[in-house]
Amino acid sequence: MASFFDLLWSESSLFSRILKASVQCRSLFVAQQLHSIMITGGRSRFKFWSNHLINAYAKLGVLNFAFNLFDRMPQRNVMSYNILLGGYIQNGELGAAVEVFNEMGERNSATWNAIITGLIKFEDNEEGLRLFLKMHACGFLPDAYTLGSILRGCAGLKDLNRGKQAHGYAIRSGLEFDLIVGSSLANMYMRSGCLREGGNVIQLLPVHNVVACNTLIAGLVQNGCPVGALDQYNIMKMAGFRPDKITFVSVISSCSELVTLGQGQKIHAEAIKAGAMSVAGVISSLVSMYSRCGCLDYAATVFWEKEGVQEDLVLWTAMIAAYGLHGRGQEAIELFERMELQGLQANDVTFLSLLYSCSHCGLRDKGLEFFDLMLHKYGLQPQVKHHTCIVDLLGRAGRLEEAEAFIQSMPVKPDVVIWKTLLSACKIHKNADMAERICEEILKIDPQDSASYVLLANTQASAKRWLDVSEVRKTMRERMVKKEPGISWFEKKNQVHSFATGDQSHPQSEEIELYLKKLTDELKLHGYVPDTGVVLQDMDTEEKEFSLAHHSEKLALAYALMNTPDGVAIRIMKNLRVCDDCHVVIKYISIVRNREIIVRDATRFHHFKNGHCSCRDYW
DNA sequence: TTAGGGTTAG
């Protein structure tokens, strides 16, 4: 009767099958047993056995074992090298992979594909594409593997030109309708901003799978069509595809964009049922969605009560950003310090979130300290947005000249936002002269920026320079600059009710009007005095009060108060910043109606309770 | 032995 060993040697596929099983079971022990059997059976000199073992060791993450075996092989073929090369790439050791690649005397298509894929996977897209040209020059034609990788590289670089050339290759080689090549093509187009072309490529594929669906959903979110992404999510489910972790990441982020809490909660439940809650990306998306929908508590619960999730930089950054967005600077800082203790290496987004947190709370010294830490300890190059936080902190503290000098001396080109940040500080400190100078800088970059004209006029109004105010208004009329309308919205039972300033189109408009009038009178009894200084028009006081009373957030809030039971917290969203008067009014309402009111404006959240706001009037 | 899709800021 043949022994187990005889069987093993005669049936080479048995050896490779057991090895494959050892990889699937993550059993290094079984792989090592097979290794000893190979040595004692005198099979070490045959490439077949060693190659399979090197592969198994690499997949089990023990690269030193793989390399030792490779090193001792008396004969190696291209496949031996390829396996080692692939092993290094799978384990994130790109440098070692490049070394193996450079050493190889003979290379085949798989060698080239492996190294190109590795480079692109680790975001050295340019080098990956350069090697592709070299591969081509060496006489190797691109196959489906090559195209999948180089299209990913083009997508990473948002390089439509080279992406289209790769599309040409795909058509010529008949791979255009291959599921993987097609998905990569669609992704390349959509990452480069060509949503329609990407969608067409997906539509034309003869069969679809979850990845093709995800490509389309992600493309829609990335190109500013969150509603389309949600539609596509429903279509995908109706077609019988089961959403996976990546589907959830994209589709939850589209709920963040839309600020639709109800929809987001529904998808959260679906993610739980699908068993996707141990994936860091899904948790990051949920944290961001809940915090952007005004539910910091839910965001914190999802973050702190996660189970079986690997610690992840993006996830911690999402939670730091959530605290910052809600004005909880101290918690953001503490979380950052805990993150450092975990050994996670902060990136530029982490620092941006941290600096925003400081700037939203006026934590000036801490902000400056973190800016320094980013630069000197972490060696990260701050971008305009990081500098903007510093300008905000200096400007609000009244150090206007210092903030201006900071902009002039920074190594990156100033943008409209950084100048506008300084302009806002000018308004707070009523420095109309500097405001004029700064506004000129802004209008050089964008002459149609309505918010800057309004800020300048507001600054002049606060300095009581009425002639200058009317001059700005005249310029706006001449240049046909339209003020961006204020819009606020409130979600009730998954339905969004939106209100523009002065809007009378809502079906309950008349009732809202009456309710607001009564409410305002009530507030006046409690000491509220309308702050007509924020109204720019040349009107009399009564007209100004009327205009003030119809700001979009007041209309939305009145509607919400009328349509929700007593004691229920109200969440209002607004596209612009909340004005001073509305901020005061909402504080009074939180007392008079005994309600918790959460308002998200263009930059942050305000939590109003018992006459106080979480921003402590610093926004 | 080699291939495609995602998340954090504004």
Probe radius 1.4 Å, ligands and nucleic acids ignored: give me the carbon and sulfur share of the accessible area of segment A:488-613 as a rounded percent. 50
Provide the gained length on full extension for the span A:Glu106 to A:Glu340, in nm with one decimal, where the gain is 0.36 nm per separating residue minus the Cα-Cα distance. 79.7 nm
Which pairs break 28 Å Cα to Cα here: A:Lys273/A:Lys574; A:Lys420/A:Lys554; A:Lys237/A:Lys493; A:Lys245/A:Lys377; A:Lys366/A:Lys430; A:Lys524/A:Lys609? A:Lys273/A:Lys574; A:Lys245/A:Lys377
I need the calculated FRET efficiency for the pair A:Lys492 and A:Lys517, taking r as the beta carbon distance and R₀ as 25 Å, to the nearest 0.05. 0.65
Hey, what do the phi angles of segment A:425-434 turn into as Karplus ³J(HN,Hα) couplings, whole Hz, using 6.51/-1.76/1.60 and θ = phi - 60°, x for Gly and Pro? 5, 4, 5, 4, 9, 6, 9, 5, 5, 5
Take the alpha-carbon centre of segment A:97-173, take the same for segment A:413-444, and report the distance between them in whole Å. 47
Enter the angle in degrees (range 0 to 90, nearest 10) between the Cα long axis of helix A:210-222 and the first principal axis of the Cα atoms of chain A, meaning the one along which they spread out most. 30
Does segment A:488-613 come out rounded, prolate or oblate, given a ≥ b ≥ c as the square roots of the eigenvalues of its C-alpha gyration tensor, rounded meaning a/c under 1.5 and, failing that, prolate meaning a/b above b/c? rounded
Taking R0 as 56 Å, what FRET efficiency do you get between A:Ala239 and A:Arg477 from their Cβ-Cβ distance, rounded to the nearest 0.05? 0.55
To the nearest 0.05, what FRET efficiency results for A:His136 and A:Thr301 with a Förster distance of 41 Å applied to their C-beta separation? 0.20
What is the antiparallel percent of DSSP beta bridges lying wholly in segment A:488-613, to the nearest 5? 80
Net lengthening on full extension, A:Arg593/A:Asn161 (0.36 nm per residue, minus Cα-Cα): 149.6 nm
Sum of -39500 (n - 2.57) over DSSP H runs of 4+, divided by residues of chain A (222 nm, nearest 500): -21000 deg cm²/dmol
Each residue of segment A:351-364 in turn: what ³J(HN,Hα) in whole Hz from Karplus with 6.51, -1.76, 1.60 and θ = phi - 60°, glycine and Pro shown as x? 5, 5, 4, 5, 5, 4, 4, 5, 5, 6, 10, x, 7, 4
Just to check I understand the Karplus step: with θ = phi - 60° and J = 6.51 cos²θ - 1.76 cosθ + 1.60, what whole-Hz values come out for segment A:182-194, glycine and proline as x? x, 5, 5, 4, 4, 4, 4, 4, 6, 5, 8, x, 9
Over chain A, average the accessible area per residue using a 1.4 Å probe and give it in Å², no decimals. 49
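The values are calculated or read from the model by the stated rules, or taken from the named source; none is laboratory data. Keep in mind that what you see is a predicted model, and the values were worked out from it rather than measured. Heads up, the Cβs are rebuilt from the backbone with ideal geometry, glycines too, and the neighbour counts pull from every protein chain shown. SASA here: full protein model, heavy atoms, side chains in, ligands and nucleic acids out. Shrake-Rupley method; radii C 1.70, N 1.55, O 1.52, S 1.80 Å.
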